[in-house]
Protein chains: 2
Amino acid sequence: MKFIQKTLILILLTTLSVKADQGYNLWLNYQKLTDPVSLKEYTGLLKSIHFDSNNSTQQVAAKELQNAFGILTGKDLPSNRSMESGSVVLLKESALKALQINQQVPDNADGFIIKQVTVQNKQIILISSQSDIGLLYGTFAFIKQLQLQKRLTGLNISESPKIQHRILNHWDNLNRTVERGYAGFSLWNWHTLPGYIDKRYIDYARANASVGINGTVLNNVNANSLILTHEWLLKVKALADAFRPYGIKVYLSARFTSPIEIGKLKTADPLNEDVAQWWKDKANEIYKLIPDFGGFLVKANSEGQPGPQDYGRTHTDGANVLARALAPHQGILMYRAFVYANEIPEDRAKQAYNEFTPLDGKFDKNVMVQVKNGAIDFQPREPFHPLFGALPKTPIMAELQLTQEYLGMSTNLAYLSPLFKECLDSDTYAKGKGSTVAKVIDGSLDGHNISGIAGVANIGNDINWCGHPFAQSNWYAFGKLAWNYSLSSEEIASEWIKMTFNTDASTLQAISQMMLQSRETIVNYMTPLGLHHIMSWSHHYGPGPWIKDKPRADWTSVYYHQADKNGIGFDRTSSGSNATAQYFPEVAKIFNDVNTCPEKYLLWFHHLPWSYKLKSGESLWDGIVKHYYLGVKEVEQMQNTWDSLASKVDGDIHLQVKQLLKVQHEEAILWRNSCVLYFQSISGLPLPKGLSKPEKDLNYYQNLEYKYVPGI
Amino acid sequence: MKFIQKTLILILLTTLSVKADQGYNLWLNYQKLTDPVSLKEYTGLLKSIHFDSNNSTQQVAAKELQNAFGILTGKDLPSNRSMESGSVVLLKESALKALQINQQVPDNADGFIIKQVTVQNKQIILISSQSDIGLLYGTFAFIKQLQLQKRLTGLNISESPKIQHRILNHWDNLNRTVERGYAGFSLWNWHTLPGYIDKRYIDYARANASVGINGTVLNNVNANSLILTHEWLLKVKALADAFRPYGIKVYLSARFTSPIEIGKLKTADPLNEDVAQWWKDKANEIYKLIPDFGGFLVKANSEGQPGPQDYGRTHTDGANVLARALAPHQGILMYRAFVYANEIPEDRAKQAYNEFTPLDGKFDKNVMVQVKNGAIDFQPREPFHPLFGALPKTPIMAELQLTQEYLGMSTNLAYLSPLFKECLDSDTYAKGKGSTVAKVIDGSLDGHNISGIAGVANIGNDINWCGHPFAQSNWYAFGKLAWNYSLSSEEIASEWIKMTFNTDASTLQAISQMMLQSRETIVNYMTPLGLHHIMSWSHHYGPGPWIKDKPRADWTSVYYHQADKNGIGFDRTSSGSNATAQYFPEVAKIFNDVNTCPEKYLLWFHHLPWSYKLKSGESLWDGIVKHYYLGVKEVEQMQNTWDSLASKVDGDIHLQVKQLLKVQHEEAILWRNSCVLYFQSISGLPLPKGLSKPEKDLNYYQNLEYKYVPGI
């Protein structure tokens, strides 16, 4: 016994169930309903499903409902050629009139209604939409009602997505490694494609459709041109065919120099006619294989990727040459604004704005500029990117990161909806108060007719898809917010918990509380009060506030925290880099003034003395240190909460999360001790009273090396 | 509908079951028993389980039986502190006497008996062994009886393994890629170790224990010295702790230059005292963490790996310095004989023999030399390695390859038991007739008291562990043959099919036939009549009989097939490289004489004119071509057989295999056409009558390029 740890015994003794799905089923984790009222209502009211069996999307919708209904209620829901009382009826809007059904269906191809109505004296559940995919969305929304054990009587739901293109970005390499991927290998098994369609491809599409995601960029933005060769396009086509019934369009990251690398041209100059023709021919070839191909995503002139500037051309030139190849086929070109020059920068946070604002209005109509939520890089917390609202003539996509590159990778519990919403709800003041980032994105602020949002996927071939069981919630939340950014993080968490775990009220409350706090906890023990990018070198795992002397200043931590014996923080005010001026005046004023700048962004915008007095009355130094200690404390609270749920959730999952929280606790302590000791070595100040000194010294932490960190 | 292929529709419409395990459960795929006789007998006879609840191995044994019994019968099998009628009793041999049970238990620590006996007027099922792990093996064997619906009355089983160390070799890199791995990423998630014990680690151990595998080398033989640093050893310890209750010992591949790379010594010379001390200290460190650590595996002076020859020392010197570090802890040192010099070789097939035979008797007692089944490299067919029997003073392990490096990777159905047995059953004549390879391996021929066998694992993090559903059978077969090489391939296939699919007789017969034929089919369309190593460059995927002009002659295909306008084959007879002389005279004579050499090895040993007359009466040229065509035909037969089983096996698995067989058929045609066209371009001879010419020309096949083939 002496070699067996306590946890291990738990594992050995609790986890033999062959029925456990180990998280594979995600939030579509149907279980027999426990509430007798719901069971009785559903089996009493619902008798059959009526749909157009000639349409593959309606077929899968029916199959989804039948499968869910069967597991939830233990009863069949047979398909029926005619409508009857008790039918769930999938009907395109175009068919309503013929049946004298007078119902208002949203004026949006993806929108739907779900209504209990009486038609020809038959009481039915009507799911209607302008499109087949809208019927599938409606079906999933109806299934959710059943999972959540909602009443059907008087059911009356009408929904439309606020954003048109709701897209996952997979940073998946062709050798199946995933850049910033922490959930195993890439889902895409290129070697066995196109001949072998893995069941996972279908389940991936199902999961996406169930939350309204309608597009996927299959390959890394650091792209390999091989993906555009005919042989690989056949593989892409196989995936597109598999996803199509679920309304998922396929997109590809295009490497700017593909015309040279696979087209054997001498240049990739976007103004060269042969280059333009090459892209047109390539687009034609793709659309012949994949008639509903979504378009290209391009990362150009950023972090060593080739781009138009290599030929003395602008981003507009670069984007437009691809956009024109796609335009005849209704494809879109997503052009990333995450660029920074290779010369030593003035302030990296300012560069995208500086490069892109002069180009506004010069992009073709099917170009969207894709902007990260913040101006640096997916930090635990960043103020919103100043480009939002600053390109009124250009449709802007937000790029959010679901994979936890900077938030503890696969071992930290981080529910990211609060982070996403912090960005989306931010008011840019671009057209006065209420000009939120969300309204920039959805096109309503500037009257664009295309709109989009991208989420960098956290999906790999781990059995549970996302590595950490709770990381699934970020996939879910991204889909829900892309559909409707007005949902609260609480609502989304609540749904996800009920669908993933169970509908027990105390479980819900406990888990919800953990989730809603989780991101702030990570901010506390990683980068409190506006600190940012002080992670370890290259892989971004673990603390590295001491990182300096790298090829570029903005690849170091000392560049970002600017700590010295007098104080800490990056002065981005008018007395510093003046990055604040990139925001609209109302916002600029708030951020620029240390008295109005929200403390959560304090050191992002201000360099302040260690003795600076925070709103709490304590010094900046004390405040920083207390945040670090608080973060660790909060992880301990999560551990206690989770322990209390041992009997409430699936045993396998409980044990997984219990172990992960323990790892997270160790990592939080690592972060706290490293940062506190390092900043103390700079400030020379004592720890606030009552906080115990880290056991080990700074030297110990600085000498830790992390090898083979995943996701590179 | 027009974009949806037929297969895709099948996928969409048949695979929503959340209960399907997608192959995760392997052969431990318990299902409620369908045979009423068995059900009645089991529930009537079996009432409880009695075991020593203070022992973790007995605990897991009981848990395994309770879990299996519950699913198979739908009834509980509670544990009982006292024996009662109907108890399944786990009892160590040492406890039998006290209870006045007089039963003969095998004189082998891993052996066991399972007997229906009457003790104190109570009828029980007694499982007894000298060891706890023997009780677990006995429990799994008993579960198998239930899965196979065997009668319990009069049950009387006594088993002992013939080979002591039954070890998987994982060629897993620390970045989680797997060399020659075709089933996803490495199982070992080093980043989350040691804190996070994935459920898969336990299920991996369970699966191994269920077939008697008792060791695992965690990392690639092309080793990274990092694994021996303290930080990584803590991760290794976590795995060892997880595996221990299942009797799985952990081993590591040790890089020969570790003393330099992590020990900061200036040399790794095995005769240097500091080096010897470093290995001793390292072994002490390891055993402090892992008291039952198994030992090291070393690949030295082979394919660029460092080794003793770099310091002018011998393999013996290299092996013994590590062996002496392990010896005080009862660890073993496995030293691979897969070596070949970096100079241009005379005949690569001869080198291992030439290097190792002079060293026989010079290895320390805890060294085992690990020899691949054949002298080249895991070909679809090779004659047995001449080293078997040629090192009588040295314990020899056989190294078999479960992963299908040369047999179609993850897309080809290849049941490898016939290949393994072809080697194990070969008669070396080392001590006269009956001196089989198996008897060399098990130590009985030369009276060694340690014995071992290694299987290069085909396991990754794919949900079904092995990529191809049928690849699981090779993990199973390896374990069974390692335990008892006398089992027939038919018996092993039969058990595996029943445990994995179902016990339906017609299903069994059909699948068994497919499996037993499968490897020969691959030989037919890849390398018939003794051809070998004519795969594509580097990754070994697809045909490359035209490969030439590489840095080493023995890295080309033309070196191995030696085809010219007059004939084909590698002359390894006394008139050629004389490799035949490395075998004992009785064997050498058979192989050396074209008239007695089995035709399956013909071109391995003989260079013959295209017109050479085969036993069938047809010319060698016609025979080669017909084999290639036959291979494709046989894949078509497998497809037909499998199609006929659509209603007999799990729908998901059926569809997976159906798709894979289609891919295999295309690959078989690719092989056939490439090889036939290429050899025809050399021989200038027409195809035999009745065989249709390949559609495309040789140039087409030669220009195919395979990018990002997995497993490199």
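The values are calculated or read from the model by the stated rules, or taken from the named source; none is laboratory data. Everything numeric in this text was worked out from a predicted model, so none of it was measured. Cβ atoms come from the backbone with ideal geometry, glycine included; neighbour counts cover every protein chain shown. Surface areas here come from the heavy atoms of the whole protein model, side chains and all, with no ligands, DNA or RNA. Shrake-Rupley method; radii C 1.70, N 1.55, O 1.52, S 1.80 Å.
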| message | I'm trying to understand the selection: among the residues of the range B:396-407, which are assigned to a loop (DSSP other than H, G, I, E, B) and either within 19 Å of residue B:492 (Cβ to Cβ) or open to solvent by 10 Å² or more (accessible area, probe 1.4 Å) (or both)? | response | B:402, B:403, B:404, B:407
| request: Name every residue in the range A:640-657 that is surrounded by 18 or more Cβ atoms within 10 Å (Cβ to Cβ) and either within 13 Å of chain B (Cβ to nearest Cβ) or not in a helix (DSSP H, G or I) (or both), in order of residue number. | output: A:645, A:649, A:650, A:652, A:653, A:654, A:655, A:656, A:657
| (1) within 34 Å of the chain's Cα centre (by Cα); (2) within 14 Å of chain B (Cβ to nearest Cβ); (3) buried (at least 16 other Cβ atoms within 10 Å of the Cβ): which one isn't true of residue A:125, the others all being true? | (2)
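Condition check ((1) modelled with pLDDT under 95; (2) touching a strand residue (DSSP E or B) at 6+ places or on another chain (Cβ under 6 Å)) across all residues:
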residue	(1), (2)
A:675	no, yes
A:678	no, no
A:681	no, no
A:685	no, no
A:691	no, no
A:695	yes, no
A:701	no, no
A:705	yes, no
A:712	yes, no
| query | Do any residues in the range A:602-619 that are at pLDDT below 95 have Cβ atoms under 9 Å from those of residues that are open to solvent by less than 60 Å² (accessible area, probe 1.4 Å), where the two are at least six apart or on different chains, and which pairs are they? | reply | none
| request: Say whether the condition of being touching a strand residue (DSSP E or B) at 6+ places or on another chain (Cβ under 8 Å), farther than 24 Å from residue A:669 by Cβ, outside the structural domain of residue A:470 (by TED's automatic domain parsing) and open to solvent by 10 Å² or more (accessible area, probe 1.4 Å) is met by at least one residue in the range A:548-571. | output: yes
| task | Given the conditions (1) more than 14 Å from chain B (Cβ to nearest Cβ); (2) part of a loop (DSSP other than H, G, I, E, B); (3) open to solvent by 70 Å² or more (accessible area, probe 1.4 Å); (4) not charged (D, E, K, R), report the number of the one that residue A:708 does not fulfil. | result | (1)
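Matching residues to (1) away from chain A (no Cβ under 12 Å); (2) modelled with pLDDT of 95 or more; (3) in contact with a Leu (Cβ under 6 Å, 6 or more places away or on another chain); (4) under 26 Å from residue B:94 (Cα atoms):
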{"residue": "B:16", "(1), (2), (3), (4)": "no, no, no, no"}
{"residue": "B:49", "(1), (2), (3), (4)": "yes, yes, yes, yes"}
{"residue": "B:54", "(1), (2), (3), (4)": "no, no, no, yes"}
{"residue": "B:57", "(1), (2), (3), (4)": "no, yes, yes, yes"}
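Listed here are the residues, each with its yes/no results for (1) out of contact with any Gly (no Cβ under 7 Å at 6 or more places or on another chain); (2) within 24 Å of residue B:502 (Cα to Cα); (3) away from every other protein chain (no Cβ under 14 Å); (4) basic (Lys, Arg).
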| site | (1), (2), (3), (4) |
| --- | --- |
| B:60 | yes, no, no, no |
| B:72 | yes, yes, no, no |
| B:81 | yes, no, yes, yes |
| B:85 | yes, no, yes, no |
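Does residue A:393 satisfy the criteria of being in contact (Cβ under 8 Å) with a residue 24 or more places away in the chain and of a type in the set (Lys, Arg)?
So residue A:393 fits the description; yes.
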| said: Looking at A:383, A:418, can you tell me which residue is assigned to a helix (DSSP H, G or I), at pLDDT 95 or above and assigned by TED's automatic domain parsing to the domain that holds residue A:309? | reply: A:418
| So which residues in the range A:247-264 are farther than 17 Å from residue A:174 by Cβ and touching a helix residue (DSSP H, G or I) at 6+ places or on another chain (Cβ under 6 Å), if there are any at all? | A:247, A:248, A:259, A:263
| request: Please specify each residue of the range A:687-705 satisfying the condition of being in a loop (DSSP other than H, G, I, E, B), within 27 Å of residue A:611 (Cβ to Cβ) and not hydroxyl-bearing (Ser, Thr, Tyr). | output: A:687, A:688, A:689, A:690, A:691, A:693, A:694, A:697
| query | Can we say residue B:615 is on the phi < 0 side of the Ramachandran plot, part of a helix (DSSP H, G or I) and either outside the structural domain of residue B:350 (by TED's automatic domain parsing) or within 30 Å of the chain's Cα centre (by Cα) (or both)? | reply | no
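Filter the range A:424-441 down to residues that are outside any strand (DSSP E or B) and either open to solvent by 10 Å² or more (accessible area, probe 1.4 Å) or basic (Lys, Arg) (or both), then give me how many there are.
Initially, the range A:424-441 is screened for residues outside any strand (DSSP E or B), giving A:424-426, A:428-429, A:431, A:433-435, A:437-441.
When the remaining residues are screened for being either open to solvent by 10 Å² or more (accessible area, probe 1.4 Å) or basic (Lys, Arg) (or both), the result is A:425-426, A:429, A:431, A:433-434, A:439.
Number satisfying all stated conditions: 7.
Does residue A:268 fit the bill of being under 29 Å from the mean Cα position of the chain (by Cα) and touching a residue at least 40 places away in the same chain (Cβ under 8 Å)? Quick ask: steps written out before the conclusion?
Values: under 29 Å from the mean Cα position of the chain (by Cα): no; touching a residue at least 40 places away in the same chain (Cβ under 8 Å): yes.
In short, no.
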| remark: Residue set B:51, B:112, B:69; condition over 15 Å from residue B:137 (Cα atoms) and hydrophobic (A, V, I, L, M, F, W, C); output residue B:69
| task | Considering only residues that are hydrophobic (A, V, I, L, M, F, W, C) and more than 14 Å from chain B (Cβ to nearest Cβ), look in the range A:660-683 and name the one that is farthest from residue B:198 (Cα to Cα). | result | A:682
| request: Scan the range A:106-122 residue by residue and report those that are under 29 Å from the mean Cα position of the chain (by Cα) and β-branched (Val, Ile, Thr). | output: A:113, A:114
| task | Could you give me the residue pairs with C-beta distances under 7 Å whose first residue belongs to the range B:26-55 and is at negative phi, whose second residue is open to solvent by 10 Å² or more (accessible area, probe 1.4 Å) and of a type in the set (Asp, Glu) wherever it lies, and which are 6+ apart or on separate chains? | result | B:29/B:21; B:47/B:84; B:48/B:84; B:55/B:132
| said: Residues to consider are B:201, B:246; find the one that is within 21 Å of residue B:176 (Cα to Cα) and of a type in the set (Phe, Trp, Tyr). | reply: B:201
